[in-house]
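What follows is one structure encoded as structure tokens, with my remarks underneath.
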Amino acid sequence: MLKNKKSFKIISMPKELSKTYNPKEVEDKIYQLWEKSGYFNPDNLPAASSIKQQVSSYTIVVPPPNVTGSLHMGHALNAAIQDILIRKKRMEGYKTLWLPGTDHAGIATQNVVEKELKKQNVSRHDLGREKFLEKVWEWKEKYGGIILNQFKKLGCSMDWSRVRFTMDEQYQKAVNEAFLRYYKKGWLYKAERVINWCVRCQTSLSDLELEYKEERSKLWHIKYPLLNEKGFIIVATTRPETMLGDSAIAVNPKDKRYKNLIGKKVLLPIQNREIPIIADEEIDMEFGTGAVKLTPAHDLLDARIGEKHKLPVYKVIGPLGKMAPEAGQLCAGLKVLECREKVMVELKNQNLIEKEEDYNHNVAVCYRCNGVIEPQPSLQWFLKMNELAKLAIKAVKSGEVKFHPKNWEKIYFSWLENIRDWNVSRQIWWGHKIPLEGETDVLDTWFSSALWPFATLGWPDKTKDLKEFYPTQVISTARDIINLWVARMIFSGLEFTGQKPFSDVIIHGTILTKDGKRMSKSLGTGIDPMILIEKYGADATRFGLIWQAMGNQDIHWDENAVIAGKKFANKVWNVARFILMNKPSQINTDSNADTRGKNIGENQRGNPSKSAFDEDKEFIKKLNTTKKQVSKQVDTYEFGQALHSLYDFVWHEFADKYIESSKGRNDEEVKIVLNNALLEVIKMLHPFMPHLTEEIYQNLPNKNKEFLMIEKW
RNA sequence: GCGCGGUUAGCUCAGUGGUAGAGCGUUUCAUUGACAUUGAAAAGGUCAGAAGUUCGAUCCUUCUACCGCGCACCA
């Protein structure tokens, strides 16, 4: 083989490039070179002289994945997006920080460790709080870093010297400080309220931590006998068992059907309690019979109306999801559904069921365990939201913080404008303990992640990092945590630092299966990005993700895009190989030169003709247009479009047209153009496909910089 | 119930007020020196449906249908 190639061998080339691009041989090696270089750390980057001091840093804090997690497609897409921004800005001369880290993820992690223990038939209560927490820390040390290593496999240029964890000592300090500052302002208070209680996790949850699941159920119409007169008032309910805790019947004051009943009393069946019929405007006349049973202890609306009318509260369901003593002898101790059956039997016996109809409704479930939510009164910590919500609304209304795409602002505003005080205490063990004496509760995990952009940089201390890298520029995430996380970061940042935590919020699309269904591990519809990397390489995987990331729409995942990425990587590789290994002058000594020359015109052998110069000019123009376009598209967060532009140019303009026609030429000009274009192309492509382009750069005979990573954009 | 997004080639998706585009797939042809992970070409679309604005609508407006999602006080 070598013999055949002898005449083409170029002495100046340090080594031969393989015929095809082989990511496995390249990616880990290149990543190690980058890491060793120290350039992921902005302290080691030369400050750009051309850029003014106040904008010279560019920071993204990574949305900290849960320590329970392993990388899924959403993480991979988000990481690719952030790495593109970071790498481009680094090449543009900014002191670029991409700060990595993980979230302790209170309930999620506690549940995982509890499950582990259950295999050995041990509960957390068997161990006790202290021992259990030791176990969680052990678990975190063992598995918590997996996802960070997966980021490395993707090629993420994160500053590993600044890894943070939401339970680090410094971070705990930040959380305590935040709590105390809110407390001193009088915004944190303790109160007994009806909250969302997860029976399985044994903790309260905020309104945002609920999901809704459709349930096929019945709507039962139950007769409540009027007191001291004949007749009934009929109420419709999906939860007959809660009648044991009823303290009134409510109707709309405008409802003619019930006008003459308002103020009268009924005898609550089974409990034989006298309860009033009251009027409240919040009652929907259209629904059911227009008359509602009120159970102030176990329903949020009922609780509100109950408070208004000063109704007594009967706690008939206990925290374990079993009927409490107040439910009465008949049902106390039963599970909720057992109680429901018992109540139904009893009501049938008393002939108090008017009818039942099929009814589908949504029931609230826990976002961590899918368990049943039982609203119930509980003593909890709440954070007043009025002022904070105002801050957050103003920041976006004024344009200080921008959403991309903009329409996600609606979701943000609609939540903040109708906000209720935030229940921030959780009755679990894994988390930040509430400061103050005698507290056993911990804080909502989102309370601490709300501080992420500044707590990771050293707040509340006045650190050099905080000064240099805060406010950050961009936060990139999926839509499901706009309010859970993004909104809370915005008001926390404004409240504690007086500055917005970031300027731009990128909401990328969700990756779905090809049929448009949710990717989920348990359904077996998920795809492991690590398998894609193994099969096609990290650059091809990134290509596949970004190729499909058009207009922030949801992505119907198609693995063909990754295959296209692998082919493209090879194409780019071979463009480089052609330019670096087979100089046009040498090729042209070959006798085929005549026929090649014919492809591009009459007069293009030997010296460049006029038309060849025109061709160069035209090509250079297209190159410059592409440069501008790609740069603009990345700056406006149109990542998919940017990659398509690049792909088109590289493959169809550079390779198919210019390189093909260059084969018939033997002038200095064409060599210069080819070499320059190659350098420009790998620069532009570097943020998207960093390993491939860096490997090519490392093979350039004369490079300006140690790494393409720090080349000038 | 309110709101948001989508509907363009067989599949996944771009796009524009004036002959409709890409990747993959399909068909035909080509090719010993960058690359078969290739090149040249072809077939394939009433741009969901209807009405309106306009000289002209796939694009703007309204309505309808279907799909997806969010929110709600889903008794």
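Read-outs throughout are calculated quantities, based only on the coordinates presented, and are distinct from any laboratory measurement. Model, not experiment: these values are computed from the prediction. A quick note on method: Cβ atoms are made from the backbone with ideal geometry, for glycine too, and the neighbour counts reach across all protein chains shown.
Here are A:N121, A:N149, A:N111: which of them is out of contact with any His (no Cβ under 7 Å at 6 or more places or on another chain), surrounded by fewer than 21 Cβ atoms within 10 Å (Cβ to Cβ) and in contact (Cβ under 8 Å) with a residue 60 or more places away in the chain?
Numbers: A:N121 fails: in contact (Cβ under 8 Å) with a residue 60 or more places away in the chain; A:N149 fails: in contact (Cβ under 8 Å) with a residue 60 or more places away in the chain.
Going through A:N121, A:N149, A:N111 in turn, the sole match is A:N111.
Select from segment A:541-554 the residues that are over 19 Å from A:E27 (Cβ atoms), more than 6 Å from RNA strand B (Cβ to nearest atom) and among the aliphatic types (A, V, I, L, M) and list them in ascending order.
A:A549
From the list A:D515, A:D480, which one is in a loop (DSSP other than H, G, I, E, B) and either within 12 Å of RNA strand B (Cβ to nearest atom) or over 18 Å from the mean Cα position of the chain (by Cα) (or both)? Let's see the steps before the verdict.
Values: A:D480 fails: in a loop (DSSP other than H, G, I, E, B).
Going through A:D515, A:D480 in turn, the sole match is A:D515.
Tally the residues that are over 26 Å from A:L85 (Cβ atoms) and either touching a helix residue (DSSP H, G or I) at 6+ places or on another chain (Cβ under 7 Å) or of a type in the set (F, W, Y) (or both), restricting the search to segment A:156-177. Steps first, please.
Filtering segment A:156-177 for residues over 26 Å from A:L85 (Cβ atoms) gives A:167, A:169-170, A:172-173, A:175-177.
So of that shortlist, the ones also either touching a helix residue (DSSP H, G or I) at 6+ places or on another chain (Cβ under 7 Å) or of a type in the set (F, W, Y) (or both) come out as A:175.
Number of matching residues: 1.
Taking the stated definitions as given, is A:K190 surrounded by fewer than 17 Cβ atoms within 10 Å (Cβ to Cβ), within 30 Å of A:T109 (Cβ to Cβ) and touching a Leu at 6+ places or on another chain (Cβ under 8 Å)? If you could, list the steps in order and put the result at the bottom.
On the way: surrounded by fewer than 17 Cβ atoms within 10 Å (Cβ to Cβ): yes; within 30 Å of A:T109 (Cβ to Cβ): yes; touching a Leu at 6+ places or on another chain (Cβ under 8 Å): yes.
Considered against the rule, which asks whether it is surrounded by fewer than 17 Cβ atoms within 10 Å (Cβ to Cβ), within 30 Å of A:T109 (Cβ to Cβ) and touching a Leu at 6+ places or on another chain (Cβ under 8 Å), A:K190 comes out as yes.
When you look at A:L383, is it surrounded by fewer than 14 Cβ atoms within 10 Å (Cβ to Cβ), under 30 Å from A:R124 (Cβ atoms) and in contact (Cβ under 8 Å) with a residue 60 or more places away in the chain, yes or no? Reasoning before the result, please.
Values: surrounded by fewer than 14 Cβ atoms within 10 Å (Cβ to Cβ): no; under 30 Å from A:R124 (Cβ atoms): yes; in contact (Cβ under 8 Å) with a residue 60 or more places away in the chain: yes.
Answer is no for this residue.
Which ranges mark the strands (runs of 3 or more DSSP E) fully within segment A:273-368 that have 2 or more residues being touching a Gly at 6+ places or on another chain (Cβ under 6 Å), without any contact (Cβ under 8 Å) to a residue 12 or more places away in the chain and among the hydrophobic types (A, V, I, L, M, F, W, C)? Even if it seems obvious, please write down each step before you answer.
Working: elements: A:273-279, A:291-294, A:353-366.
Qualifying strands (runs of 3 or more DSSP E): none found.
Mind checking which residues of segment A:449-477 are more than 22 Å from the chain's Cα centre (by Cα) and either without any contact (Cβ under 8 Å) to a residue 60 or more places away in the chain or over 25 Å from A:R87 (Cα atoms) (or both)?
A:W459, A:P460, A:D461, A:K462, A:T463, A:K464, A:L466, A:K467
Which count do you get for residues in segment A:413-460 that are assigned to a strand (DSSP E or B) and farther than 12 Å from A:L208 by Cβ? If you could, list the steps in order and put the result at the bottom.
Keep residues of segment A:413-460 that are assigned to a strand (DSSP E or B), which gives A:422-423, A:425-426, A:433, A:442-443.
Keeping just the survivors that are farther than 12 Å from A:L208 by Cβ gives A:425-426, A:433, A:442-443.
So the count comes out to 5.
Going through A:K259, A:K254 one at a time, which residue ends up being assigned to a loop (DSSP other than H, G, I, E, B), free of Cβ contacts under 8 Å to residues at least 40 places away in the same chain and not polar (S, T, N, Q)?
Working: A:K259 fails: assigned to a loop (DSSP other than H, G, I, E, B).
When all the criteria are applied, what remains is A:K254.
Just to verify a result, which residue in segment A:518-566, among those that are over 22 Å from A:G69 (Cα atoms) and among the aromatic types (F, W, Y), is farthest from the chain's Cα centre (by Cα)?
Per the stated criteria, the residue is A:Y536.
Take A:K397 and tell me if it is charged (D, E, K, R), within 16 Å of RNA strand B (Cβ to nearest atom) and farther than 30 Å from A:H432 by Cβ. So that I can check it myself, show each step before the final result.
Numbers: charged (D, E, K, R): yes; within 16 Å of RNA strand B (Cβ to nearest atom): no; farther than 30 Å from A:H432 by Cβ: yes.
No; evaluated as a whole, the condition is false for this residue.
I'd like the full set of residues that are over 17 Å from A:K712 (Cβ atoms) and not in a helix (DSSP H, G or I), limited to segment A:32-47.
Residues satisfying the conditions are A:G38, A:F40, A:N41.
Return the residues of segment A:409-443 that are among the β-branched types (V, I, T) and within 14 Å of RNA strand B (Cβ to nearest atom); say none if nothing qualifies. If you could, list the steps in order and put the result at the bottom.
Pass one, segment A:409-443, residues among the β-branched types (V, I, T): A:411, A:419, A:424, A:428, A:434, A:440, A:442.
Listed by number, the residues that qualify are A:I411, A:I419.
Does A:P225 qualify as being part of a loop (DSSP other than H, G, I, E, B) and surrounded by fewer than 17 Cβ atoms within 10 Å (Cβ to Cβ)? Walk me through it before giving the result.
Working: part of a loop (DSSP other than H, G, I, E, B): no; surrounded by fewer than 17 Cβ atoms within 10 Å (Cβ to Cβ): yes.
It is false that A:P225 is part of a loop (DSSP other than H, G, I, E, B) and surrounded by fewer than 17 Cβ atoms within 10 Å (Cβ to Cβ).
What number of residues within segment A:164-181 satisfy the criterion of being buried (at least 17 other Cβ atoms within 10 Å of the Cβ) and not in a helix (DSSP H, G or I)?
Residues flagged as buried (at least 17 other Cβ atoms within 10 Å of the Cβ) and not in a helix (DSSP H, G or I) within segment A:164-181 amount to 4.
Does segment A:47-62 include one or more residues that are surrounded by fewer than 24 Cβ atoms within 10 Å (Cβ to Cβ) and within 22 Å of the chain's Cα centre (by Cα)?
Just the residues of segment A:47-62 that are surrounded by fewer than 24 Cβ atoms within 10 Å (Cβ to Cβ), to begin with: A:47-58.
Narrowing further to those that are within 22 Å of the chain's Cα centre (by Cα): A:58.
Looking for residues that are surrounded by fewer than 24 Cβ atoms within 10 Å (Cβ to Cβ) and within 22 Å of the chain's Cα centre (by Cα), one finds at least one in segment A:47-62, hence yes.
Do we have A:E668 as surrounded by fewer than 23 Cβ atoms within 10 Å (Cβ to Cβ), of a type outside the set (A, V, I, L, M) and free of Cβ contacts under 8 Å to residues at least 60 places away in the same chain here?
Here the answer is yes, as A:E668 does meet what is asked.
Could we say that A:G458 is over 19 Å from A:S206 (Cβ atoms) and surrounded by fewer than 17 Cβ atoms within 10 Å (Cβ to Cβ) here?
Numbers: over 19 Å from A:S206 (Cβ atoms): yes; surrounded by fewer than 17 Cβ atoms within 10 Å (Cβ to Cβ): no.
For A:G458, the condition - over 19 Å from A:S206 (Cβ atoms) and surrounded by fewer than 17 Cβ atoms within 10 Å (Cβ to Cβ) - is not met.
Can A:V251 be described as among the hydrophobic types (A, V, I, L, M, F, W, C), within 14 Å of RNA strand B (Cβ to nearest atom), within 22 Å of A:C339 (Cβ to Cβ) and in contact with a Leu (Cβ under 9 Å, 6 or more places away or on another chain)?
Numbers: among the hydrophobic types (A, V, I, L, M, F, W, C): yes; within 14 Å of RNA strand B (Cβ to nearest atom): yes; within 22 Å of A:C339 (Cβ to Cβ): no; in contact with a Leu (Cβ under 9 Å, 6 or more places away or on another chain): yes.
It is false that A:V251 is among the hydrophobic types (A, V, I, L, M, F, W, C), within 14 Å of RNA strand B (Cβ to nearest atom), within 22 Å of A:C339 (Cβ to Cβ) and in contact with a Leu (Cβ under 9 Å, 6 or more places away or on another chain).
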